[in-house]
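Contents: one structure, followed by commentary.
Rule-based calculations on the coordinates, nothing more; no lab input. Keep in mind it's a predicted model, so treat the numbers as computed, not measured. In this analysis, Cβ positions are derived from the backbone assuming ideal geometry, glycine residues included, and neighbour counts consider all displayed protein chains.
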Amino acid sequence: MNFQAVRAIYLFEMARTWRTVMQSVISPVISTSLYFVVFGAAIGSRITEIDGISYGAFIVPGLIMLSLLTQSLTNAAFGIYFPKFVGTIYEILSAPISAFEIVLGYVGAAATKSVMLGLIILATAALFVDLRIEHPIWMLAFLVLTAITFSLFGFIIGIWADGFEKLQLVPLLIVTPLAFLGGSFYSIKMLPVFWQEVSLFNPVVYLISGFRWAFYGTSDVSIGVSLAMTLVFLVLSLAVIAWIFRTGYRLKS
């Protein structure tokens, strides 16, 4: 293991966060705070409780997960796309560093930034609502696992994209709508039976449900299924990345 190379990539990516702290940290926190204000005031006054949980507290896991998904994907995608854009990717590929170490550096930095942001949003949420975390270890586990999984997915998007427009395509047109329709602001049990069944095809449902269970002990699907689906997505992402480095897809051309 070339720890020095991994450390160099990791620190370079982390340094980029501090250079763009307004965009990377402050902007997502402000956006999430506005969700608390708008949804808490407008909808919370009409929906007092869901599963015995105040509406303001109920949406906290969904809002954290919404930011975590988009930021993990975006950070990792931009992290690997920029070396492709400026041509420094060839220096990385020719250096004495393995594909695993490259992925570890970029994905590790993206996941770290996302976890930090998630914890900041969690602390911010505590200013608006009374929170309880029944399973703090599972909460951290889901936080880290989701950040890693979507950072891997973002790494794939960054390699696949051949323009800045495509970097925004998946987060804006796929991930964000799936997060909104995945129970971020409601329980899928509130939907008609048909739409409950349709929602189960949305992978984000399992992420949000498992994360909400870690807070309140209640979920739309079982914790085992949520964990299994997250791990399946993680393994699939790793398999795609392994294929990319084995074939050189959009890396060597």
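Some points to look at:
- The 3J(HN,Hα) values that the Karplus relation (6.51, -1.76, 1.60; θ = phi - 60°) gives for segment 101-112 are, in residue order, 5, 5, 4, 4, x, 6, 5, x, 5, 5, 5, 4 Hz. Gly and Pro appear as x.
- Segment 81-197: C-alpha pair distances exceeding 25 Å, %: 41
- For the chain, size of Cβ-based charge dipole, Lys and Arg +1, Asp and Glu -1, in debye: 500
- Order of 122, 66 - criterion: other Cβ atoms within 10 Å of each residue's Cβ, fewest first: 122, 66
- For residue 50, residues with placed amide H under 5 Å, excluding near neighbours: 55
- With θ taken as phi - 60° and the Karplus curve 6.51 cos²θ - 1.76 cosθ + 1.60 applied, the whole-hertz 3J(HN,Hα) list for segment 119-132 is 5, 5, 5, 4, 5, 5, 4, 5, 7, 9, 9, 7, 9, 9 Hz, x standing for glycine and proline.
- The 3J(HN,Hα) values that the Karplus relation (6.51, -1.76, 1.60; θ = phi - 60°) gives for segment 219-233 are, in residue order, 7, 7, 10, 5, 4, x, 5, 4, 5, 5, 5, 5, 5, 4, 5 Hz. Gly and Pro appear as x.
- Cα extents for segment 3-247 along the principal axes, largest to smallest and rounded to whole angstrom: 58, 36, 34.
- Based on DSSP H segments of at least four residues, each scored -39500 (n - 2.57), the chain has a per-residue ellipticity at 222 nm of -24000 deg cm²/dmol.
- Dipole-positive endmost among 182, 163, 224 within the chain (Cβ charges, Cα centre): 163
- For the pair segment 181-242 / segment 14-85, the C-alpha centres are spaced 18 Å from each other.
- For the chain: lysine pairs under 27 Å (alpha-carbon distance), excluding those fewer than 8 apart on one chain: 5
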